[in-house]
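Below: one structure, written as structure tokens.
The values are calculated or read from the model by the stated rules, or taken from the named source; none is laboratory data. All values derive from a computational prediction rather than experimental measurement. So basically every Cβ, Gly included, is an ideal-geometry build from the backbone, and we count neighbours across all protein chains shown.
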Amino acid sequence: MELPFAESWKIKMIEPIHKSTRQERECWMKEAHYNVFQLRSEQVYIDLITDSGTGAMSDRQWAGMMIGDESYAGASSFFKLKEMITLLTGFDYVIPTHQGRAAENVLFSYLVHAGDVVPGNSHFDTTKGHIEGRKAIALDCTIDEAKQTQLEIPFKGNVDLAKLERALQTHADRVPFIIVTITNNTAGGQPVSMQNLRGVRDLANKYHKPVLFDSARFAENAYFIKIREKGYADKSIKEITREMFDLADGMTMSAKKDGIVNMGGFIATRRKDWYDGAKGFCVQFEGYLTYGGMSGRDMNALAIGLDENTAFENLDTRIRQVAYLAAKLDEYGIPYQRPAGGHAIFVDAPRVLTCVPREEFPAQTLTIELYLEAGIRACEIGYLLADRDPVTRENRFNGLDLLRLAIPRRVYTDNHMNVIAVALKNVFDRREKITRGVHIAWEAPLMRHFTVELERL
């Protein structure tokens, strides 16, 4: 008999979590203006708001933190981190930052200007915010199949190469670079194939444009290439990772995801002009070049985390747990972005709350209902996150409206996945009774979903 699957790690420290009553949760949610970002952590039973900075570090990472070099300039911890990044990516120039959006801020301060057009595959919230905040345009060139949540294809995060070429022809000198997000978070944690990355590189070469990877979940993307793309089954994750980055000129990284640290990020590039252009903004916004926004102990932990999370066993354990939750939702008939992605399950909210009009934000309404049901905090990736069109100021309803169940790395067990699935089933079973959603009482002009205040209708 074949042995059942088991995690590639064992638990040696725990953190208590506590249940609450429905009455308590209704009060807390109202006080939070129906925005789960405004809830206190102790008001949450299972926290799926993000997989960013919420993973459990290993014994090796904690040990590495104890010997962090906190020198202001030239810390050995920086060079350990740089060595690991160069090993994985081939990029010689590295600038540490305190997290991914800081990396974007530093690099885009040099690269993005008013009137520019930045084509890519479903820019995530901070990426789009940093582009549109500079009066530039984030142009989505994702394949159309990504919007068909029930369609099963292996690389749903791919760039539509025809759309990309039209963008490069139409906007020409207005395009400072092409950005590819690996994996594609906004499209449902969907991977990008190596073949597609090569196609992007070929077009970039044809039109003389550099390529930037938004690399928060690059290791998960490499995992899917290994198990889904022909010719990669026998290659290691590190080998696939290096081949991916050979097709790019640089990367921004939120290390809080695939680096499995609580805080950190970086820019890495093979282009000295990008490094020279960005390093002044690092000093201005983040800190000196050999620490950016990171402490030495955090750089040590990140170097080890990057090494651990580019091991197949670690990724396999993590992504199998996401697939386990997907299988439970299949049992209950709950629609989500198929196939299951690398870091989360993305429930198709308009297919669940069919009576809630889009103007009342179905995914946000489903987020609220799941919290009220069981104290589970998820996150809307949809019409609220999309912000308003910068020209018309109308809400953007042209994308997907998803409830994201982001699974922290090495934190929860399959028993927690069972609770999540049953709680969502309970909401699903009473979906026809949920006929009204929410409306906006106050919002920020950019990245509004973090701070928006809502009212129930």
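Here are the numbers:
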quantity	calculated
Subset of segment 198-207 [within 14 Å of ASP246 (Cβ to Cβ) and surrounded by fewer than 24 Cβ atoms within 10 Å (Cβ to Cβ)]	ARG198, ARG201, ASP202, ALA204, ASN205
Residue under evaluation SER41, criteria (1) buried (at least 23 other Cβ atoms within 10 Å of the Cβ); (2) outside the structural domain of VAL261 (by TED's automatic domain parsing); (3) polar (S, T, N, Q), criterion not met	(1)
Among residues of segment 249-293, those that are among the β-branched types (Val, Ile, Thr), over 24 Å from the mean Cα position of the chain (by Cα) and outside any helix (DSSP H, G or I), counted	1
Strands (runs of 3 or more DSSP E) fully within segment 352-448 counting 3 or more residues that are hydrophobic (A, V, I, L, M, F, W, C) and over 20 Å from VAL322 (Cα atoms)	438-442
Looking only at segment 296-316, and only at residues there that are among the acidic types (Asp, Glu) and over 13 Å from SER77 (Cα atoms), the one that is surrounded by the most Cβ atoms within 10 Å (Cβ to Cβ)	GLU308
Condition check for THR181: at pLDDT below 95, assigned by TED's automatic domain parsing to the domain that holds ALA268 and out of contact with any helix residue (DSSP H, G or I) (no Cβ under 7 Å at 6 or more places or on another chain)	no
Top-ranked residue in segment 322-345 [being surrounded by fewer than 21 Cβ atoms within 10 Å (Cβ to Cβ) and of a type in the set (Ser, Thr, Tyr); ranked as nearest to PHE5 (Cα to Cα)]	TYR324
Positions within segment 116-138 being of a type in the set (Asp, Glu) and within 22 Å of THR183 (Cα to Cα), in sequence order	ASP125, GLU132
Some residue of segment 43-55 being part of a helix (DSSP H, G or I) and either of a type outside the set (Val, Ile, Thr) or in contact (Cβ under 8 Å) with a residue 12 or more places away in the chain (or both)	yes
Qualifying residue in segment 409-429 (condition: touching a His at 6+ places or on another chain (Cβ under 9 Å) and either modelled with pLDDT under 95 or crowded, with 16+ Cβ neighbours inside 10 Å (or both))	yes
Qualifying position, being outside the structural domain of ASP173 (by TED's automatic domain parsing), in a helix (DSSP H, G or I) and among the basic types (Lys, Arg), among LYS82, LYS128, LYS30	LYS30
Test for GLY68: is it within 15 Å of ALA301 (Cα to Cα) and crowded, with 17+ Cβ neighbours inside 10 Å	yes
Matching residues in segment 158-172 - criterion: being out of contact with any Phe, Trp or Tyr (no Cβ under 9 Å at 6 or more places or on another chain) and either under 26 Å from HIS343 (Cβ atoms) or at pLDDT below 95 (or both)	ASN158, VAL159, ASP160, LEU161, LYS163, LEU164
Filter pass, ASP401 being out of contact with any strand residue (DSSP E or B) (no Cβ under 7 Å at 6 or more places or on another chain), surrounded by 23 or more Cβ atoms within 10 Å (Cβ to Cβ), more than 21 Å from LYS30 (Cα to Cα) and of a type in the set (D, E, K, R)	yes
Out of ALA136, ALA103, ALA114, sole residue that is small (Gly, Ala, Ser) and either surrounded by 24 or more Cβ atoms within 10 Å (Cβ to Cβ) or free of Cβ contacts under 8 Å to residues at least 12 places away in the same chain (or both)	ALA103
Single unsatisfied condition, LEU151 versus (1) outside any loop (DSSP other than H, G, I, E, B); (2) surrounded by fewer than 20 Cβ atoms within 10 Å (Cβ to Cβ)	(1)
Filtered residue count, segment 141-152, keeping only those that are touching a residue at least 24 places away in the same chain (Cβ under 8 Å) and either β-branched (Val, Ile, Thr) or out of contact with any helix residue (DSSP H, G or I) (no Cβ under 7 Å at 6 or more places or on another chain) (or both)	6
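Conditions tested, residue by residue: (1) among the aromatic types (Phe, Trp, Tyr); (2) closer than 24 Å to SER76 by Cβ; (3) free of Cβ contacts under 8 Å to residues at least 60 places away in the same chain; (4) not assigned by TED's automatic domain parsing to the domain that holds PHE108.
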residue	(1), (2), (3), (4)
ASP273	no, no, yes, no
THR290	no, yes, no, no
ARG338	no, no, no, yes
GLY342	no, no, no, yes
